[in-house]
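One structure is given below, encoded as structure tokens.
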Amino acid sequence: MSAHTMDMPTFDPRYQSLYRLGGSASILTAVFIVLAIGAYFIWPYSAHETTIQAIFDLLQTDRLSTLIALDVSMLVIGPISLLLFLALYAALRRVDEAVALLALALNLLAVGLIIVCRPLVELVMLSDHYAAAADASEQMRLLAAGEVLRAQLDGTAWVMQTAFLMLAGLLNSSLMLRTPFFSQATAWLGIVISALGLGFFLPTIGPLFLFINTIGSIPWCLLIARYLFDIAQVAAEPA
């Protein structure tokens, strides 16, 4: 039986705009993920294998490409997805408000950590100062500061934001299983890709699991957008 032929839950009409914004944000997130994947194959991420001096030099000779290679797309996707996470909370809180709130908190923490683990503005500023440095001692000081920022790219904040996003995905998707409005396929897709994403902790094959999660997030975001727009329509109907 289709999810839409079952008895529908009620949705708070005060959140109509949020549901629509969340649906739009979900589509934009999917689009930016596609762009980020394409950019990865052109400018692969390799900050952990590149010296800070090389990063500084690249930021001077080809700034845009270097920023793309340093995952500047994360700084776009993260804030946009905030609207998606808020809309999911509004839609799922009637299923289990405590779990929905926990998922929202994890997602909000993850977005904050994304900003922390991509200090790209600071790297650009240090690169500019490095290029203008008049003596070797000043350059060494700037390189040392740059090393601290480079470590953040794959450090604790990055690991924690990844874990928080995957855990929140598991929680939200488990709530979708308990409401007739979201399809079972959408819920299970979210559970599978979130569980696979947690495999990034595994040595050697971890990046592969994370890449599969990224690919799977595209159809999931599009499906979520569809349901959020439907929820906005249901919420707009008179009781």
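The values are calculated or read from the model by the stated rules, or taken from the named source; none is laboratory data. Fair warning: this is a prediction, and the values are worked out from it, not measured in the lab. Here the Cβ is made from the backbone with ideal geometry for all residues, glycine too, and neighbour counts use every protein chain on show.
Couple of notes before you dig in:
Matching residues to (1) farther than 29 Å from residue 22 by Cβ; (2) part of a helix (DSSP H, G or I); (3) within 15 Å of the chain's Cα centre (by Cα):
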{"position": "138", "(1), (2), (3)": "yes, yes, no"}
{"position": "213", "(1), (2), (3)": "no, yes, yes"}
{"position": "226", "(1), (2), (3)": "no, yes, no"}
{"position": "233", "(1), (2), (3)": "no, yes, no"}
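- Cβ-Cβ under 8 Å pairs, at least 6 apart or on other chains, the stretch 209-220 side within 12 Å of residue 162 (Cα to Cα), far side part of a helix (DSSP H, G or I) and charged (D, E, K, R): none
- Test: residue in the stretch 3-20 that is within 25 Å of residue 160 (Cα to Cα) and either of a type outside the set (D, E, K, R) or surrounded by fewer than 18 Cβ atoms within 10 Å (Cβ to Cβ) (or both): no
- Subset tally (residues that are surrounded by 13 or more Cβ atoms within 10 Å (Cβ to Cβ) and within 21 Å of the chain's Cα centre (by Cα)) for the stretch 44-65: 3
- Where residue 219 falls short, out of the listed (1) exposed (fewer than 15 other Cβ atoms within 10 Å of the Cβ); (2) outside any helix (DSSP H, G or I); (3) not aliphatic (A, V, I, L, M): (2)
- In summary, residue 147 fulfils each of the numbered conditions (1) assigned to a loop (DSSP other than H, G, I, E, B); (2) farther than 21 Å from residue 22 by Cβ; (3) of a type outside the set (A, V, I, L, M) with the single exception of condition (1).
- Top-ranked residue in the stretch 84-99 [being surrounded by fewer than 21 Cβ atoms within 10 Å (Cβ to Cβ) and touching a residue at least 24 places away in the same chain (Cβ under 8 Å); ranked as nearest to the chain's Cα centre (by Cα)]: 86
- Of the criteria (1) surrounded by 17 or more Cβ atoms within 10 Å (Cβ to Cβ); (2) modelled with pLDDT under 95; (3) hydroxyl-bearing (Ser, Thr, Tyr), which one residue 194 fails: (2)
- In the stretch 146-180, the residues that are buried (at least 17 other Cβ atoms within 10 Å of the Cβ), out of contact with any helix residue (DSSP H, G or I) (no Cβ under 6 Å at 6 or more places or on another chain) and either among the charged types (D, E, K, R) or over 16 Å from residue 115 (Cβ atoms) (or both): 163, 174, 179
- Annotation note: of 105, 30, 69, the sole residue that is surrounded by 18 or more Cβ atoms within 10 Å (Cβ to Cβ) and either under 22 Å from residue 168 (Cα atoms) or acidic (Asp, Glu) (or both) is 30.
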